[in-house]
1. Does region 447-464 hold any residues that are assigned to a helix (DSSP H, G or I) and open to solvent by 30 Å² or more (accessible area, probe 1.4 Å), and which are they?
2. Is it true that residue 132 is of a type in the set (A, V, I, L, M, F, W, C) and more than 28 Å from the chain's Cα centre (by Cα)?
3. Is it the case, given these coordinates, that residue 487 is part of a loop (DSSP other than H, G, I, E, B) and of a type in the set (Lys, Arg)?
4. Got a number for residues in region 1-19 being in contact (Cβ under 8 Å) with a residue 40 or more places away in the chain and assigned to a loop (DSSP other than H, G, I, E, B)?
5. So, in region 390-422, of the ones that are of a type in the set (Val, Ile, Thr) and closer than 19 Å to residue 202 by Cα, which residue ends up most open to solvent (accessible area, probe 1.4 Å)?
6. Counting only residues that are surrounded by fewer than 19 Cβ atoms within 10 Å (Cβ to Cβ), give me the strands (runs of 3 or more DSSP E) lying completely in region 495-535 with at least 3 of them.
7. Specify the residue that is least open to solvent (accessible area, probe 1.4 Å); the eligible residues are those in region 300-333 that are in contact with a Pro (Cβ under 8 Å, 6 or more places away or on another chain) and among the aliphatic types (A, V, I, L, M).
8. Which of the residues that make up region 423-446 are among the β-branched types (Val, Ile, Thr) and either open to solvent by 10 Å² or more (accessible area, probe 1.4 Å) or within 22 Å of residue 492 (Cα to Cα) (or both)?
Amino acid sequence: MFDRRSTFGEALDNPAARAVLERLMPGFAASPMAVQFRDGRLGSLIALVPALETEEARAQLWAELAEIDDDVVRPPYAPAIDPDPAYESDDVPRASAVVTLPHDVTLWAPLQIRLAGPSHGNPFVDVELDAVFTRAGTEIRVGGFYDGDGTYVIRALADAEGEWSFVTRSTARSLDGLTGTVTVGSAAEGAHGPVRVDGFHFRHADGTRHRPLGTTAYAWTHQPDELQSRTLSTLAEAPFTKIRMCVFPKSYLYNANEPADFPFVGSLADGFDLERFDPEHFRRLEQRIRELSELGIEADLILFHAYDRWGFADLGPAVDDRYLRYVVRRLSGFANVWWSMANEYDLLWAKDTADWERLAAIVGAEDPFGHLNSIHNCRPFYDYSAPWITHVSVQRVDVYRTAENTDEWRERWGKPVVIDECAYEGDIDQGWGNITAEEMVRRFWEGAVRGGYVGHGETYLPAALGLDDEVLWWSKGGVLHGTSPERIGFLEQLLAEAPEGVWDPLPGDWDVPWGGVAGEVKVGYFGFNRPRFRNVMLDPGEWVIDVIDTWNMTVDRLPGTFATGSARIELPGRQFMAVRLTRV
């Protein structure tokens, strides 16, 4: 049968399947440009067809294609593997494994229990392990993972001070019934805990305001160590507080290099053992997450994506589930982790909504510490009202206008809005990667005054910069060459000056969006318009007025104060200006 895994070319070459495509994918299957999509999976291409945006239309397509014979033979997905209840014989003493407890655990740090146990067979799939912790009068279950060489780890996020006691449970006798106690002390300087939703905004668990001014470097942790170090040095000087990054490597434009290692043991040439993870790979990823934490940056981890040449985008449900449990158990103990179920979920040909709901439930079950979680689209939005989704994570919906929708999306879903991709500052040939720095900053401001958060990325051609590599920040990290980050930092400073450290949309004019804090601060942004003056209405009270040049990063306060009524503000007649009214 033809299904989501079938390629467009396979279906076109079958007369019956082609007839279905031409009828249900009008203007696409019969297009002269269809030849360029021959190798694309049907499950990805439906995202590009307006006629297939509803679940009903897609269900009809798959139902009709399922009735047509397909001569292509595809290997079946790997089956699920249950833990082996006889992994250790009855003569192995229960709770006989050696336990190593951590010392000097501080609030919001990983609390890590290490167990020296059996290594025969394949502990990645043969052994199930977890622990029940009791702290602050409550119990939580934390899943364990095999870290190679006979070592098992249970990693919790120390989210409460005081005494933590635990008891382990395992299908391996030597790991079952182990007990111990760990004391968690006060938080280290600069540790604020995981980010939580605060209305339409965010705060750390200790109440500290978080503003997710993000950037994107999808495959930076899959590059040579020297380049990864350079990326961290760049981030240390940049204003960003969040970075989007993939767990799996990425294969796409300017992403042709082969990583040194992978989440699974193996290589592209020799194949991958989908029953064994590579602990060294994950230890290096964990080190980068720690280093981001030291910089005050959240690691927004993309768990699945479609840009793949290794087979990771189509592992099958059993392997997807096993991978996800392992990743979440390893990484949920870090405070600065966010989950992103997918980048452009609708391009992952082998998964539908039921799959995403199943996978999200696994994340929820294996992460007892409630890290933020969302899912990112290419074209159609996911239903962001789903209860497991903490915030909206979207990309541009138009070549030009996207951030202007922020306030509408807040109202639609009642959740914080993060536009993780608004296009990228750069000069490559793709329309998503060649906007100017001025336009990038404008989009940040348009989102900010509407109460949301816009993400950054950079895609400058190395050759145009006099470089002989293919290192673009958006893909591999390295060095930032653009001029928008400094201006984004300026916006961050202004946001921090608001009474609550955030702006919300305020009633405004048809031609100027207004945001701020009702009754206290009002910010109007003129964007690409360039008025010579603006008359504004002041609420009751006394106000000071600032004229802000968002590009040149200046704040000029008008002399004196202004009282209730109308005030005329003289402006320089250039683009990217804003005004701020602050109650005295």
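The values are calculated or read from the model by the stated rules, or taken from the named source; none is laboratory data. Predicted model, so just to flag it, every value in this text is computed and none were measured. Glycine gets a Cβ as well: all are built from the backbone with ideal geometry, and neighbour counts include every protein chain shown. The accessibility values were calculated without ligands, DNA or RNA, using every heavy atom of the protein model including side chains. Shrake-Rupley method; radii C 1.70, N 1.55, O 1.52, S 1.80 Å.
1. 463, 464
2. Answer is yes for this residue.
3. Judged against the criteria, residue 487 is not a match.
4. Qualifying residue count, region 1-19: 7.
5. By that ranking, first place goes to 390.
6. Fully inside region 495-535 and qualifying: 504-509.
7. Result: 327.
8. The answer is 435, 436, 441.
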